[in-house]
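Novice: Handing you this structure, nothing more for now.
The values are calculated or read from the model by the stated rules, or taken from the named source; none is laboratory data. Being a predicted model, the structure only gives us computed values, none of them experimental. Please note: Cβ atoms are built from the backbone with ideal geometry, for glycine as well, and neighbour counts cover all protein chains shown.
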Amino acid sequence: MQPPIQLVIADDHPGVVAAVRHLVSRVDGFEVVGEASSADELLAVLGRVRCDIAITDYAMPGSRYGDGIVLLEFLARRHPDLRIMVLTMLETRALMSNILRAGIKVIVSKADEPRHILEGVRAALSDRIYLSPQLDAQLIRRTVAPEPAENDPINLLGKRELEVLRMYVTGMTVSEIAVRLNRSVKTISAQKQTGMRKLALTTEAALFDFAVRHGLLGTSEG
């Protein structure tokens, strides 16, 4: 008999973990072997158990490894045979493009019907690209009426600047971010200021307004 497909679920909202676990556990041949509520916990679980697929949230601030693109790239390096599915509420084209460029082929929106999570798992097993309808429609709309890359403000940021700004707007101080990311306070401060300058944001209020409008707040991951 073929061994079950083993999955790990990571999300900083316990209700999401419970719902996904209930969904995939009902499928013959699927077995949930671990759960995590942060990037640190996810990496710890993956270090303990054999896993075929990780279903992970995109925004899980507060990890020493970082989250978002930094976490996904770290997972790909540390676990090259692991299939990864990103489950997210973020729907900006820039972020989706960054996820795909990081080598992650499956992205499912939490706004889509739960069955698309199972479709995403099957796509990951087949090593094919899959975007759930909400995300696919977003990309199609932008493809039909494309904007110059310079008009997409998130594309102006380097991945480190984006990471720092996302952590900062969740309420972390520059010093706390420096500890989490194992960088100097001076480096984090410079990356924050550079990111704000690239976005033409001159005040903290403008930064937080931008974060709300562009889905950079971790709390937007419902």
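Novice: Check Val24, Val108, Val86, Val33 and return the single one that is crowded, with 19+ Cβ neighbours inside 10 Å, over 30 Å from Tyr168 (Cα atoms) and either aromatic (Phe, Trp, Tyr) or in contact with a strand residue (DSSP E or B) (Cβ under 8 Å, 6 or more places away or on another chain) (or both).
Specialist: Just one listed residue meets the conditions, Val24.
Novice: Show me the strands (runs of 3 or more DSSP E) entirely contained within region 1-120 in which 2 or more residues are within 15 Å of the chain's Cα centre (by Cα) and outside the structural domain of Ser184 (by TED's automatic domain parsing).
Specialist: Here the list reads 5-10, 53-57, 83-88, 106-109.
So that you can scan it fast, the table gives a plain yes or no per residue for (1) in the same structural domain as Met89 (by TED's automatic domain parsing); (2) buried (at least 16 other Cβ atoms within 10 Å of the Cβ); (3) modelled with pLDDT of 90 or more; (4) touching a helix residue (DSSP H, G or I) at 6+ places or on another chain (Cβ under 8 Å):
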{"site": "Thr173", "(1), (2), (3), (4)": "no, no, no, no"}
{"site": "Ala178", "(1), (2), (3), (4)": "no, yes, yes, yes"}
{"site": "Asn182", "(1), (2), (3), (4)": "no, no, yes, no"}
{"site": "Lys186", "(1), (2), (3), (4)": "no, no, yes, no"}
{"site": "Lys192", "(1), (2), (3), (4)": "no, yes, yes, yes"}
{"site": "Arg197", "(1), (2), (3), (4)": "no, no, yes, no"}
{"site": "Thr203", "(1), (2), (3), (4)": "no, no, no, no"}
{"site": "Phe210", "(1), (2), (3), (4)": "no, yes, no, yes"}
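Novice: A further question follows. Conditions first: (1) out of contact with any strand residue (DSSP E or B) (no Cβ under 9 Å at 6 or more places or on another chain); (2) modelled with pLDDT under 85; (3) within 19 Å of Gly158 (Cα to Cα); (4) assigned to a helix (DSSP H, G or I). Arg142 passes all but one, so which condition is the exception?
Specialist: (3)
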